[in-house]
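Encoded as structure tokens, the structure appears first; notes follow it.
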Amino acid sequence: MTNEKVRDANPDAARPGPAPGTPGARARREAVFAGAGRSSILRLLRDRRVLVPAVIIAILGAASLFANVVAPYEPNRPGVNMPYAPPSPQNLLGTDNAGRDNLSRLLYGGRLTLGISVGAVTIAAVVGLVAGVVAGYLGGSVDVVIMRSTDVVLCFPPIILAMAVVTFVGSRPEYLTLVIAALYAPRFARVVYAAVQTVKFNAHVEAARAMGATTVGILRREIVPNVMAPVMVQYSLAIGHAILLETGLSFIGLGPPPPSPSWGRMIEEARRFMEQQILLLVWPSVVIGLSVISFNALGDALRDALDPKLRQSVSVGRDAA
């Protein structure tokens with residue numbers, strides 16, 4: 001009698017849902033994911049820990065991308081003022097040993113350093129995502145070959161491998177981008193592989209497999225969307241590491257060749273003239289530190305916001321308090 005009353009009060013409760021793996025079930029799940037995605041985006045936009053570093057990154061990225069519009073001078077134009085000129089309305093950050101405008105060189109250097117770092121990590125994320133998904137889902141010999149290959153790369157410090165490879169292939173920006181991408185792709189593959197091991201046995205994946213979905217379809221619809229959260233976190237953190245790697249290579253003379261004004265090369269040049277003008281060392285150090293801290297803070301905030309287990313533990317702690 002009680003069940004009949006419930007069904008009479010709520011007719012939808014007695015209506016059976018679509019069978020798992022059917023188009024109706026897939027549409028319902030996609031609608032749920034879309035709603036969850038919108039709520040996640042709104043939650044991220046309201047989170048100050050995400051918003052502050054994201055704004056800083058956006059400002060640095062936009063200023064570097066449009067350096068030819070924002071910069072007051074050409075980066076390698078000498079004699080815009082006297083050498084080692086202090087900050088002034090004409091040169092907001094002063095000039096270097098050749099009378100070149102420091103602000104202009106920072107903006108153009110950001111285009112080079114951030115461009116190499118973001119480009120390399122983007123390539124690494126795509127390659128690592130494909131490798132991790134394939135190895136994690138297929139398993140067997142494919143798993144062994146891919147994962148053992150990543151182990152070989154991860155055995156060595158990135159700076160050592162980068163120095164060895166760049167010495168042979170050259171230090172042009174496109175070569176540096178590919179070298180850094182090759183060094184960071186195994187890290188993404190490891191992160192994705194671990195996530196796939198958890199997702200591939202979920203009910204929706206088993207249902208899709210039982211309904212005869214192809215391997216490519218399962219990977220595209222069921223696996224990849226569920227492993228993107230750790231990829232996003234790793235992406236932000238890896239860009240910060242790539243910035244340090246690129247500036248380190250430029251500092252030791254293995255970065256983009258002169259007169260390219262990368263941030264690492266600016267620090268290397270400032271080291272020789274820091275007794276005449278210490279600000280030559282301060283400006284590039286500040287923007288490097290600000291960029292790395294912002295990307296790392298964004299990665300940490302994304303991890304906290306996108307990790308459901310962490311959110312659940314935080315909410316339980318708040319309820320207990």
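Hey, which of the helices (runs of 4 or more DSSP H) in region 253-321, taking only ones fully inside, have at least 3 residues that are of a type outside the set (D, E, K, R), modelled with pLDDT of 90 or more and touching a Lys or Arg at 6+ places or on another chain (Cβ under 9 Å)?
In region 253-321, the matching helices (runs of 4 or more DSSP H) lie at 279-306.
Quick check on H204: is it assigned to a helix (DSSP H, G or I), under 26 Å from the mean Cα position of the chain (by Cα) and not charged (D, E, K, R)?
So H204 does not fit the description; no.
Just give me the residues in region 44-77 being surrounded by 15 or more Cβ atoms within 10 Å (Cβ to Cβ), without any contact (Cβ under 8 Å) to a residue 60 or more places away in the chain and out of contact with any Asp or Glu (no Cβ under 9 Å at 6 or more places or on another chain), in sequence order.
Scanning region 44-77 gives G61, A63, S64, L65, A67.
Considering only region 83-118, how many residues are touching a residue at least 60 places away in the same chain (Cβ under 8 Å), assigned to a loop (DSSP other than H, G, I, E, B) and within 16 Å of I267 (Cβ to Cβ)?
4
Any idea how many residues of region 201-216 are at pLDDT 85 or above and either closer than 13 Å to V133 by Cα or aromatic (F, W, Y) (or both)?
Counting residues in region 201-216 that are at pLDDT 85 or above and either closer than 13 Å to V133 by Cα or aromatic (F, W, Y) (or both) gives 1.
Quick check, is Y84 aromatic (F, W, Y) and within 23 Å of Q234 (Cα to Cα)?
Spelling it out, it is not the case that Y84 is aromatic (F, W, Y) and within 23 Å of Q234 (Cα to Cα).
Could you say which residue among R187, R172 is within 19 Å of L249 (Cα to Cα), of a type outside the set (V, I, T) and out of contact with any Asp or Glu (no Cβ under 7 Å at 6 or more places or on another chain)?
So the residue among R187, R172 that is within 19 Å of L249 (Cα to Cα), of a type outside the set (V, I, T) and out of contact with any Asp or Glu (no Cβ under 7 Å at 6 or more places or on another chain) is R172.
Please specify each residue of region 195-216 satisfying the condition of being closer than 23 Å to A124 by Cα and either without any contact (Cβ under 8 Å) to a residue 60 or more places away in the chain or touching a strand residue (DSSP E or B) at 6+ places or on another chain (Cβ under 9 Å) (or both).
T198, V199, V216
How about region 172-221: which of its residues are surrounded by fewer than 17 Cβ atoms within 10 Å (Cβ to Cβ) and in contact with a Leu (Cβ under 9 Å, 6 or more places away or on another chain)?
Hit for region 172-221 is T215, nothing else.
Could you please give the count of residues in region 265-284 that are of a type in the set (S, T, N, Q) and closer than 16 Å to R111 by Cα?
0
Could you please give the count of residues in region 124-160 that are part of a helix (DSSP H, G or I), surrounded by fewer than 17 Cβ atoms within 10 Å (Cβ to Cβ) and either at pLDDT below 90 or not hydroxyl-bearing (S, T, Y) (or both)?
Result for region 124-160: 14.
The values are calculated or read from the model by the stated rules, or taken from the named source; none is laboratory data. Given the structure is predicted, the values throughout are model-derived calculations rather than measurements. Ideal geometry is used to build each Cβ from the backbone, glycine not excepted, and the neighbour counts take in all protein chains shown.
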